[in-house]
Ligand code: SF4
Ligand code: SF4
């Protein structure tokens, strides 16, 4: 079995997932799944790992596939395979595409991935001692937005925002946290209970309303400010239009969603698989692992947004489907 990876190391986006255990209590973020999985692959005599290698051509050969590969030094090689599993991953939505939120211009506006990466690099104390008093998390940045071609829920960003908020609150009990979400819908799997849990934490608010624009605060240029309407606010209960509120924050964390990799179209063409309306690889079975091309399977978030543990489970299903295919084929 050969594992072909275009980067120099295995892991992809999962490399930036930090541990969010709160005072030793695991938050089940899946961050520690990666080293275990990589260790297993490295230890296995059955898997050959080719890093810094890309597939440049795929042709059918004797009922299987012949891959042309190019490695980091520009050398071309060939590899025959009876079946293929595509696990090409996803891209985070670029927060700059949500221009009015000021990402890349306002230093107080960061993404959930920026926060994860800083926590990975500097440890859980990364945000201690910065004098943070008010932090906002903004949900659905780049997801559930048909105008941007991403009408789907990215599934993971509510969960990572809630875990990051809980971690931050445990490190900085005095900080006020507000999570701004789109509406009352508990989009994403198993979210209702998680929202209830976070709303019951002292010093954490959930606001049903998103800002349109984030600006530098005129009161305090070290902070940012925005207007929002909270559709859950008391005004609504009193049958009045929800009032517009304005608040300043020291830090705003954008919960950016997931999208197909920028080269997903080229990869689909190379392997002869289809893509769905949003650009993820399409499948024809209930498990979402078999493509229209017999012998080509997909695993993980190249097929749909998934968390780490869901991606691992999906990869297992893909491996099982691939194994059944090879058995039926007599390979
Ligand atoms: S699942 Fe996440 S929070 Fe739990 S130990 Fe692993 S990395 Fe830490
Ligand atoms: S998981 Fe939450 S933040 Fe992400 S797209 Fe779905 S509802 Fe929005």
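Values quoted throughout were computed directly from the atomic coordinates according to the rules given, and no laboratory measurement underlies them. Treat the numbers as computed from the prediction; the structure is a model and nothing was measured. Positions of Cβ are generated from backbone atoms using ideal geometry, with glycine treated the same way; all protein chains shown enter the neighbour counts.
Here the sum of -39500 (n - 2.57) over DSSP H runs of 4 or more residues, divided by the residues of the chain, equals -7500 deg cm²/dmol at 222 nm, to the nearest 500. Within the range 245-331, the ratio Rg/Rh, alpha carbon atoms throughout and Rh by Kirkwood, equals 1.17. Length gained on full extension, residue 45 to residue 97, computed as 0.36 nm times the residue gap minus the Cα-Cα distance: 14.3 nm.
FRET efficiency for residue 146 and residue 205, Cβ-Cβ distance as r, R0 = 30 Å, nearest 0.05? The value I calculate is 0.60. Shape descriptor for the range 44-202: Rg over Rh equals 1.11 (Cα atoms; Rh from the Kirkwood inverse mean 1/r). Computed over the chain, relative contact order equals 20 percent, with contacts defined as Cα pairs under 8 Å that lie 6+ residues apart. Take the Cα of residue 33, step 7 Å toward its Cβ, do the same at residue 323, and the gap between the two points is 1.8 nm.
The relative contact order of the range 92-258, computed from alpha carbon pairs under 8 Å that lie at least 6 residues apart in sequence, is 33 percent. Along its three principal directions, the equivalent ellipsoid of the chain from the Cα gyration tensor extends over semi-axes of 41, 21, 18 Å, largest first. With kT/(6 pi eta Rh) evaluated at 25 °C and eta = 0.890 mPa s, and Rh the Kirkwood radius from Cα pairs, the range 118-170 diffuses with a coefficient of 189 µm²/s according to Stokes-Einstein. The antiparallel fraction among DSSP beta bridges confined to the range 106-237 stands at about 25%.
Length gained on full extension, residue 292 to residue 6: 100.5 nm, using 0.36 nm per residue less the C-alpha separation. Note on residue 73 and residue 274: their simple-model spin labels are 4.3 nm apart, each label 7 Å out from Cα toward Cβ. Among 270-279, 248-257, the peptide with the highest mean count of other Cβ atoms within 10 Å heads the list, and the full ranking is 248-257, 270-279.
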